[in-house]
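Everything below concerns the one structure shown next.
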Amino acid sequence: MATSISDIDMGATVWMIASTALVFLMIPGLGYFYGGMVRSKNALSLVFLCLMALAVVTLQWVIWGYSLALSETSSSPFIGNLRHWLFLDVEYTPHPNAPTVPGIVYA
């Protein structure tokens with residue numbers, strides 16, 4: 001298991017960043033898809049609602065979602081603790097679930 005910065009694979013890191021960028025591009029596309037199924041006066045509203053949903057989910061992930069989902073110091077196997085709320089102590093060292101990717105990229 002990789003535990004140091006020297007074990008990080010740059011190809012895996014670039015792939016994670018590219019995949020994240022593609023997902024962030026997909027969200028407005030979903031708004032345009034839904035906008036094509038409603039009247040034209042509501043299409044912009046649906047695109048805006050999809051972008052707002054992206055913003056809300058991103059904020060929730062940064063504030064407490066990452067810590068509750070991927071905390072490596074929790075005593076429960078189902079939910080984490082709030083040790084990493086607001087990305088505190090999320091560093092460049094690899095996360096145990098992704099041993100070849102930096103922890104901040106895996107977040």
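Here is a yes/no grid of residues against (1) open to solvent by 50 Å² or more (accessible area, probe 1.4 Å); (2) assigned to a helix (DSSP H, G or I):
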| residue | (1), (2) |
| --- | --- |
| ALA12 | no, yes |
| ALA18 | no, yes |
| LEU22 | yes, yes |
| PRO28 | no, yes |
| GLY31 | no, yes |
| MET37 | yes, no |
| LEU49 | yes, yes |
| THR73 | yes, no |
| PHE78 | yes, no |
When residues of region 1-10 are limited to those that are of a type in the set (Gly, Ala, Ser) and not in a helix (DSSP H, G or I), the one surrounded by the fewest Cβ atoms within 10 Å (Cβ to Cβ): SER4
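Can you pull out the residues in region 80-107 that are within 15 Å of the chain's Cα centre (by Cα) and exposed (fewer than 15 other Cβ atoms within 10 Å of the Cβ)? Spell out how you get there, then give the answer.
So the first thing to find is which residues in region 80-107 are within 15 Å of the chain's Cα centre (by Cα), and the list is 84-87, 90, 95, 97-98, 101-107.
Residues satisfying the conditions are LEU86, ASN97, ILE104.
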Leading residue by the ranking (nearest to VAL90 (Cα to Cα)) among those in region 51-62 that are surrounded by 12 or more Cβ atoms within 10 Å (Cβ to Cβ) and either in contact (Cβ under 8 Å) with a residue 60 or more places away in the chain or more than 12 Å from the chain's Cα centre (by Cα) (or both): ALA53
Criterion violated by VAL101 - all others in (1) outside any helix (DSSP H, G or I); (2) within 28 Å of GLY11 (Cα to Cα); (3) touching a Leu at 6+ places or on another chain (Cβ under 7 Å) satisfied: (3)
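The values are calculated or read from the model by the stated rules, or taken from the named source; none is laboratory data. Given the structure is predicted, the values throughout are model-derived calculations rather than measurements. Heads up, the Cβs are rebuilt from the backbone with ideal geometry, glycines too, and the neighbour counts pull from every protein chain shown. Keep in mind that these areas ignore ligands, DNA and RNA; they rest on the heavy atoms of the full protein, side chains included. Shrake-Rupley method; radii C 1.70, N 1.55, O 1.52, S 1.80 Å.
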